[in-house]
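Report on one structure; see the data block that follows.
The values are calculated or read from the model by the stated rules, or taken from the named source; none is laboratory data. Quick caveat, the model's predicted, so the values are computed rather than measured. Heads up, the Cβs are rebuilt from the backbone with ideal geometry, glycines too, and the neighbour counts pull from every protein chain shown. What goes into the accessible areas is simple: the full protein's heavy atoms, side chains included, and nothing from ligands, DNA or RNA. Shrake-Rupley method; radii C 1.70, N 1.55, O 1.52, S 1.80 Å.
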Amino acid sequence: QTILCLPRSFEYSQKNAVLVPAAMLGVGGMLIYWLRSRCKIKTIEMGDGWWGSGERPIKGKEDESIRPFKIETSDKEIEDLHRRLEQARYAPPLEGAAFHYGFNSSYLQKVVAYWRNNFDWRKQVEVLNKYPHFQTTIEGIDIHFIHVKPSYVPHGRAVQPLLMVHGWPGSFYEFYKIIPMLTEPAAHGLNEGDVVFEVICPSIPGYGFSEAPHQKGFDTIATARIFHKLMNRLGFKEYYLQGGDWGSRITTNMAQMLPQSVKGLHLNLIFVNKQGLRRIISVMLGAYVPWLVGLSREDVRRMYPFIQKNIYELLRESGYLHIQATKPDTAGCGLNDSPVGLAAYILEKFSTWTDKSFLHKDDGGLESKYSLDELLTNVMIYWVTSSIVSSMRFYKENISKVSSLTADARVGVYVPTGIAAFPQEIVHTPHVWAKKVFKNIITYSYMPRGGHFAAFEEPKLLAQDIMHFVRKVEQL
């Protein structure tokens, strides 16, 4: 019987010799797949869209040509502006009000007088046209952008493509002072190793010379997709991104959408929506034992007293946001009809968003940081394109959605990230909070001065920080 069982035993052991390793391989493979799926970077679906007028054409491919574009003006346009400026009505300000009630109307009359009698729009059009402008059609609308290449590239230096995106109430013009510093760094005392850029600055659709979307729902994710398509159309497979205000949200979405295309993301404002008990505890303990919750002394200086700086001041500065996120067309109608109303609405932001203390100044401190020519050129971009209403609608398309349920709220940012924290920014986000969303922060800089419009106000500081960040990324 023992002898009869031997072949059967041998056969069973042979089966084991095959089945056990196979089972182990199967279990091991499933474990590896599970681990890899957990580690896999989540991304935003790129999707597709149509923002042109009417239904999307069924037949015919979209015209992908890149067309030279030039800003132009006319006597009729300038005469109409002057007529409207001459007919403006003003309400006298309260005594001692400065900018506490908004744009001081006494100072507004001085700005308008300069606008009517001294501002030379034709000259400013020449300034705007000093960089090459282009338009191309993407998803049914014409996208405007400037594309500036370095005139000379020293031997051995690689040129890095950099997409810079503006916000509201700014424009591509915000970058005019920083562009030469990035494309010709040596000429501006910024000889930062081997970093030289070619800069692409698009206008967000609905802003300036980019056509406004004709359909509802155009948000930052749609903008991110369009700008990726733009960079691809220009022949770039990998590129750097930079943004503040809406530009920060758009470029962040771009990094979440196609991380393989983004070499690095540099921001001068960050959005961190994640709240909760841990954040509340962090805020409470931060005032007394900041080191315990990862806050630095500079974080404490910028964040506290917390109620004043993060609730009261934010409420004071965000009234426009509530209007634009609910019924932008109502207020927009008046601004689109009155250049004086438009200037007051826009320039008030360039006062208090540049420096909170400018509230106490009768002139809003505007000319201490910018020239009237610079400020009015930005206003004119909105005026001549009638784009204030469509720019305001961007708030409704984005903020009317529950932020915790949007696609980007559930996706981290894993590309190399640089953050420039300017002290006069509307809100301060410390490094310890930022890294909850931005998982690969390479540089985090406490900037010595400057506010919301960093490229416009402190171009050299911003350029230095961008270059410092890119050098570090290139060395990885």
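Structure data summary
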read-out: At R0 = 25 Å, FRET efficiency that the Cβ-Cβ distance of Glu64 and Glu238 yields, to 0.05; value: 0.80
read-out: Positive minus negative residues near Pro169 (Lys, Arg vs Asp, Glu; Cβ under 14 Å); value: -3
read-out: Built amide H within the under 5 Å cut-off of Gln160, gap 5+; value: Val196, Phe197, Glu198
read-out: Cut-off 11 Å (backbone N to label point 7 Å along Cα→Cβ of Thr43), residues of segment 232-270; value: 255-262
read-out: Difference of contour (0.36 nm per residue) and Cα-Cα distance, Val125 to Ser151; value: 7.1 nm
read-out: Centroid-to-centroid separation of segment 423-469 and segment 217-234 [C-alpha atoms, Å]; value: 24 Å
read-out: J(HN,Hα) series, segment 97-112, from Karplus relation 6.51 cos²θ - 1.76 cosθ + 1.60, nearest Hz, glycine and proline x; value: 6, 6, 10, 5, 9, x, 5, 5, 5, 5, 5, 4, 5, 5, 5, 5
read-out: Violating pairs (Cα-Cα greater than 30 angstrom) within the set Lys309/Lys460; Lys110/Lys149; Lys42/Lys130; value: Lys110/Lys149; Lys42/Lys130
read-out: 16 Å Cα-Cα reach of Lys349 towards lysines, excluding residues that sit fewer than 8 places from it in its own chain; value: Lys361, Lys369
read-out: Entries in Lys216/Lys356; Lys396/Lys435; Lys59/Lys229 that, when Cα-Cα distance is taken, lie over 25 Å; value: Lys216/Lys356; Lys396/Lys435
read-out: Whole-Å semi-axes of the ellipsoid equivalent to the chain (Cα gyration tensor, √5λ, descending); value: 48, 28, 23
read-out: Gyration tensor verdict on segment 213-263 (Cα atoms; rounded if a/c is under 1.5, prolate if a/b is larger than b/c, oblate otherwise); value: oblate
read-out: Accessible surface of the chain, 1.4 Å probe, proportion on carbon and sulfur as whole %; value: 56 percent
read-out: Degrees between helix 459-475 axis and first principal axis of the chain (Cα, 0 to 90, nearest 10); value: 10 degrees
read-out: Acute angle (nearest 10 degrees) that the helix 372-385 long axis makes with the longest principal axis of the chain, alpha-carbon atoms; value: 70 degrees
read-out: C-alpha long axis of helix 339-352 to longest principal axis of the chain, angle in °; value: 60 degrees
read-out: CD proxy at 222 nm, helix term only [per DSSP H run n ≥ 4: -39500 (n - 2.57); per residue of the chain; nearest 500]; value: -13500 deg cm²/dmol
read-out: Summed side-chain charge close to Tyr320 - residues other than Tyr320 whose Cβ falls under 9 Å, Lys, Arg +1, Asp, Glu -1; value: -1
read-out: Assigned charges on the beta-carbon of Lys, Arg, Asp, Glu; the chain dipole about Cα centre (debye); value: 1960 debye
read-out: Fraction of beta bridges assigned by DSSP in the chain that are antiparallel (%, nearest 5); value: 35 percent
read-out: Share, in percent, of DSSP beta bridges within segment 146-300 that are antiparallel, nearest 5; value: 15 percent
